[in-house]
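Chemist: Attaching a single structure in structure tokens format; questions to follow.
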Amino acid sequence: MSSPSLFKAKVIKNARLNVEHFILSVRPEGIMPAAQPGQFFMLGIPGRLDPLLKRPFGYFRVKEDALEFLYRLRGKATAIMSVLDAGDEVEIIGPLGEPYPLPKPKKVPLLVAGGTGIASLYPLADAFGGEALILYGGRNSDELLLTEELRGICRVLGLATEDGSVGVKGTVIDLLKEFLAGKNKNRHVVYACGPRGMLKAVSELGLEGYVSVEERMACGIGVCLGCAVKTSTGHKRACKEGPVFRIGEVVFE
Amino acid sequence: MSKRLEVKIGKLTLKNPVMTASGTAGYGAELSEFFDLSRLGAIVLKGISLKPWPGNPPPRIIETPSGMINAIGLQNVGLKAFIDEKLPFIKKFDVPVIANVLGTTVGEYAKLASRLDEAGVDGIELNVSCPNVKKGGIAFGLDLKAFYKLIRKVRGCVKQAILIVKLSPGAPDICEFSRAAEDEGADAISLINTIPAMEIDISCRKPSIKNVIGGLSGPAIMPIALRMVFQASRAVKIPVIGMGGIRAGEDAVKFLLAGATAVAVGTAIFVNPRAPINVIEGIEDYLKRFNVEKVSDLIGGLQL
Ligand SMILES: Cc1cc2nc3c(=O)[nH]c(=O)nc-3n(C[C@H](O)[C@H](O)[C@H](O)COP(=O)(O)OP(=O)(O)OC[C@H]3O[C@@H](n4cnc5c(N)ncnc54)[C@H](O)[C@@H]3O)c2cc1C
Ligand SMILES: Cc1cc2nc3c(=O)[nH]c(=O)nc-3n(C[C@H](O)[C@H](O)[C@H](O)COP(=O)(O)O)c2cc1C
Ligand code: FES
């Protein structure tokens, strides 16, 4: 795996998908880092004191010589990101963390995304060359992003919204349970990314596969021990041993 | 290489006055992917205890204006794994290695210090100022009598390495503790450790970190650190290693002027893993710009 580097990048575009969601496209100074699905980057504005720390964002894709991140407005840092313009400079560290492992032959990849969890699963679906099944849930239609593009890179796309505005009414867990009903679970390898509650629920279904966790991070490179995740074998670093963990490894409380 | 940046801490000569701060550089391996560790004045490694410690339950960190609060709780691999698995890697670099230790009793500190001394580290930093562990540690940094006893005992165990005592910003009188460390034979003192602090998440009315209270670090604490380094360095003749919020050469120069002989870069590494290198280069720039012959000319050079 390629080792991480620290680099500056110029914003090419910061496209607003809807009220809360954006795609940031940046062109790295120097060579394009070779990231794998599941890995992430720490992104910040150089020289700023508040927010001071960089923030983690999943590797989404490389398109037209630009490294892209799909992000949602949350707090301080993402608010500042949302007003970045073409030409602005950002500072990035990456690629970081362990990627999603690829499935054993003959198992069908089943991707389970909640909200912005789709950001790291999108390139994974792409890597499976149209073979993956995707189940994708959000609170409302605004949280289901890029559904047309997703349809083009997977075998089946199942959608769920809590308000019922698109797809099945309910959570992505409801959708997953419905999908699995009467089927042989062992045919699939699950890859899940989304809020903690969703990952916990996925982990309780006795499936084989992986979850990608979102922990607060200070450094992203493994030196601060701030991103500890409780696992069956003690604390592990989400940024180094993770963010992708085998289902059953993370102890959700 | 020019000796312009050289400083001395006890019998150790550092090629420049910039170190990592304990707990912000791990055991060196991760940072080595971002720069050549041999460029550092010294590397100070993550604190270790006699037995491995699991650390505090998450969440352990929260960002606050111009800083962050952490309650890692000294998660570490323990003395044996440190010597067997971590030390060999870092010893390959041409850089003085300083181990940071934390015990719950005088006996534990003594054992840690003598074993590390035998294992060939260049320096031992006694952490008597960690706000995040329940027993020991900071208790020694706040109680002058216990502090004297601890330093005396440990001094007797350390033959080869230099002995550094890391002071608590909560010490009732920083000058008194600094003098106590000097009296008992410490080669240097370092300060400041993080400042006890907290943050609240109003959306769920809970503390932002599980441990409720953690230690504040980063640029937010720099003016306090600078004041304490100034006071401590006037109280003693041994070198002072200053830290707290240093990000750039200019910050380091302030600490040197206040009286520090060397500085450590901590939280800034999280923002930019190459921060210690930026600090070294920033100090060099300052020397050139202001026509200062060597860095040691800056130490305590504050004009009052
Ligand atoms: C590996 C990884 C990959 C990620 N990938 C993506 C991605 O691709 N796209 C994406 O949109 N996001 C992603 N995230 C999440 C993203 O990092 C966060 O949304 C971002 O850090 C938010 O920063 P902010 O400053 O805008 O929000 P902050 O102000 O840091 O707030 C973010 C959240 O932190 C909590 N918080 C804030 N302040 C406090 C407080 N005082 N006390 C307690 N809790 C508090 C709140 O729950 C808040 O909603 C990823 C996270 C990880 C770990
Ligand atoms: C995440 C984290 C972990 C730390 N761990 C230790 C430690 O193990 N031992 C120690 O003596 N100090 C520890 N410190 C304190 C730092 O070494 C330093 O004294 C303090 O953070 C102030 O410097 P800064 O503002 O540059 O970070 C830690 C600090 C942080 C932020
Ligand atoms: S974020 Fe610092 S160790 Fe993971």
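Chemist: Could you pull out the GluC sites (Glu not before Pro) across segment B:235-303 that fall in loop regions by DSSP (anything but H, G, I, E, B) with no more than 12 other Cβ atoms inside 10 Å? Walk me through the numbers on the way to the answer.
Modeler: Working: sites: B:E250, B:E281, B:E284, B:E293; in loops: B:E293.
Filter output for segment B:235-303: B:E293.
Chemist: Okay, moving on. Which whole-Hz couplings ³J(HN,Hα) result when phi for each residue of segment A:53-64 is put into the Karplus expression 6.51 cos²θ - 1.76 cosθ + 1.60, θ = phi - 60°, listed in order with x for Gly and Pro?
Modeler: Rounded to whole hertz, the list is 7, 6, 10, x, 9, x, 5, 9, 5, 10, 9, 6.
Chemist: Could you state the accessible area per residue of segment A:108-246 in Å², with a 1.4 Å probe and every protein chain left in place?
Modeler: For segment A:108-246, the solvent-accessible area averages 37 Å² per residue.
Chemist: Could you tell me the calculated FRET efficiency between A:S2 and A:D142, based on Cβ-Cβ distance and R0 = 30 angstrom, to the nearest 0.05?
Modeler: Here the calculated transfer efficiency is 0.30.
Chemist: Determine the per residue accessible area of chain B with all protein chains present and a 1.4 angstrom probe, expressed in square angstrom.
Modeler: Per-residue value: 39 Å².
Chemist: Give the long-range amide H neighbours of B:I62: residues separated by 5 or more places, or on another chain, with amide H under 5 Å away, using H modelled in the peptide plane at 1.01 Å from N.
Modeler: Placed amide hydrogens put B:I69 under 5 Å from B:I62.
Chemist: Enter the mean number of other protein chain beta carbons within 10 Å of the beta carbon of each residue in A:210-222, as an integer.
Modeler: Other-chain Cβ atoms within 10 Å of each residue's Cβ, averaged: 4.
Chemist: Can you return the aspartates and glutamates within cross-link range of A:K169? Criterion is Cα-Cα under 13 Å, with same-chain partners fewer than 8 residues away left out.
Modeler: Within reach: A:E178.
Chemist: I'd like the Karplus ³J(HN,Hα) series for segment B:80-96: coefficients 6.51, -1.76, 1.60, θ = phi - 60°, whole numbers in Hz, and an x wherever there's a Gly or Pro.
Modeler: Working through the residues one at a time gives 5, 5, 4, 5, 6, 10, 9, 4, x, 5, 6, 5, 6, 8, 7, 8, x Hz.
Chemist: Next question. State the percentage of accessible surface on segment A:82-233 attributable to carbon and sulfur atoms; use a 1.4 Å probe and exclude ligands, DNA and RNA.
Modeler: Values: 3020 of 6080 Å².
The C+S portion of the solvent-accessible surface of segment A:82-233 is 50 percent.
Chemist: Could you work out the relative contact order of segment A:108-246? I mean the mean sequence separation of Cα pairs under 8 Å and 6+ apart, divided by the number of residues, in percent.
Modeler: Relative contact order comes out at 20 percent.
Chemist: Give the percent of DSSP beta bridges with both residues in the protein assembly as shown that are antiparallel, rounded to the nearest 5.
Modeler: 50 percent
Chemist: Which value results when the Cα radius of gyration for segment A:49-130 is divided by 2.2 N^0.38 Å?
Modeler: Compactness ratio reported: 1.30.
Chemist: Local charge sum around B:G282 (other residues, Cβ-Cβ under 13 Å, Lys/Arg +1, Asp/Glu -1)?
Modeler: Once positives and negatives cancel, what remains is 0.
Chemist: Mind listing which chymotrypsin sites (Phe, Trp or Tyr not before Pro) in segment B:200-303 are in a DSSP loop and have 14 or fewer other Cβ atoms within 10 Å? Intermediate results must be reported in sequence, preceding the final value.
Modeler: Numbers: sites: B:F230, B:F255, B:F270, B:Y286, B:F290; in loops: B:F290.
Those satisfying the criteria are B:F290.
Chemist: Have a look at segment B:215-268 and give its Rg and Dmax from the Cα atoms, expressed in angstrom.
Modeler: Considering segment B:215-268 through its Cα atoms, Rg and Dmax are 10.1, 29 Å.
Chemist: Given H placed 1.01 Å from N in the peptide plane, which residues other than close sequence neighbours of B:E125 have an amide H under 5 Å from its amide H?
Modeler: Sorted by chain and number, the residues that satisfy this are B:A99, B:N100, B:V101, B:I164.
Chemist: Same structure again: Share of antiparallel DSSP beta bridges in chain B, in percent to the nearest 5?
Modeler: Values: 16 of 41 bridges.
Close to 40 percent.
Chemist: As I understand it, the value is the acute angle between the Cα axis of helix A:118-127 and the longest principal axis of the Cα atoms of chain A; what does it come to in degrees, rounded to 10?
Modeler: Computed tilt is about 70 degrees.
Chemist: Run through segment A:7-70 and list the GluC sites (Glu not before Pro) located in a DSSP loop whose Cβ has at most 13 other Cβ atoms within 10 Å.
Modeler: Those satisfying the criteria are A:E29, A:E64.
Chemist: Still on this structure, I have one more. Between their Cα atoms, which of B:K8/B:K92; B:K111/B:K237; A:K177/B:K210 are more than 26 Å away from each other?
Modeler: Numbers: B:K8/B:K92 22 Å; B:K111/B:K237 28 Å; A:K177/B:K210 33 Å.
Too far apart for the 26 Å limit: B:K111/B:K237; A:K177/B:K210.
Chemist: Which percent of the accessible heavy-atom area of chain B goes to carbon and sulfur, probe 1.4 angstrom?
Modeler: Solvent-exposed carbon and sulfur of chain B make up 53 percent of the total.
Chemist: On average, how much area does the Cα convex hull of the protein assembly as shown cover when viewed from any direction, in nm²?
Modeler: That works out to 26.1 nm², a quarter of the Cα hull's surface.
Chemist: Another question, if that's okay. Treating the beta-carbon of each Lys and Arg as +1 and of each Asp and Glu as -1, no other charges, what is the dipole magnitude of segment A:155-253 about its Cα centre, to the nearest 20 debye?
Modeler: With only Lys, Arg, Asp and Glu charged at Cβ, the dipole is about 280 debye.
Chemist: What's the percent breakdown of Cα-Cα distances in segment A:108-246 across 10 Å bins, shortest bin first?
Modeler: 12, 41, 33, 13, 1
Chemist: Let me ask something else about it. Comparing B:G67, B:G47, B:G266, which has the greatest mean-square fluctuation in the GNM of chain B with Cα pairs linked when under 10 Å apart?
Modeler: B:G67
Chemist: Oh, and also: As a test of the definition: with a 1.4 Å probe, what buried accessible area, both sides summed, do you compute for A against B, in Å² to the nearest 100?
Modeler: Buried surface at the A/B interface: approximately 2700 Å².
Chemist: Follow-up question, since we're still on this one. Hey, what did chain A get for relative contact order, percent, Cα under 8 Å, at least 6 apart?
Modeler: Relative contact order comes out at 17 percent.
Chemist: Still on this structure, I have one more. Would you mind checking the pairs A:K63/A:K240; B:K15/B:K46; A:K236/B:K159; A:K107/B:K46; A:K76/B:K46; A:K54/B:K86 and listing those with alpha carbons more than 32 angstrom apart?
Modeler: Flagged as over cut-off: A:K236/B:K159; A:K107/B:K46.
Chemist: Largest first and in whole Å, what are the equivalent-ellipsoid semi-axes of segment B:205-304 based on the Cα gyration tensor, each being the root of 5 times an eigenvalue?
Modeler: 27, 18, 9
Chemist: Quick one: among A:P51, A:P99, A:P37, which has the greatest mean-square fluctuation in a GNM of chain A with alpha-carbon springs under 10 angstrom?
Modeler: A:P51
Chemist: Each residue of segment A:203-214 in turn: what ³J(HN,Hα) in whole Hz from Karplus with 6.51, -1.76, 1.60 and θ = phi - 60°, glycine and Pro shown as x?
Modeler: Computed from phi, the couplings for segment A:203-214 are 5, 8, 9, x, 9, 8, x, 9, 10, 10, 9, 10 Hz.
The values are calculated or read from the model by the stated rules, or taken from the named source; none is laboratory data. The structure presented is a predicted model; accordingly, all values stated were derived computationally and were not measured. As a convention, Cβ positions derive from the backbone with ideal geometry for all residues, glycine included, and neighbour counts pool all protein chains shown. These area figures cover heavy atoms from the full protein model, side chains too; ligands, DNA and RNA do not enter into them. Shrake-Rupley method; radii C 1.70, N 1.55, O 1.52, S 1.80 Å.
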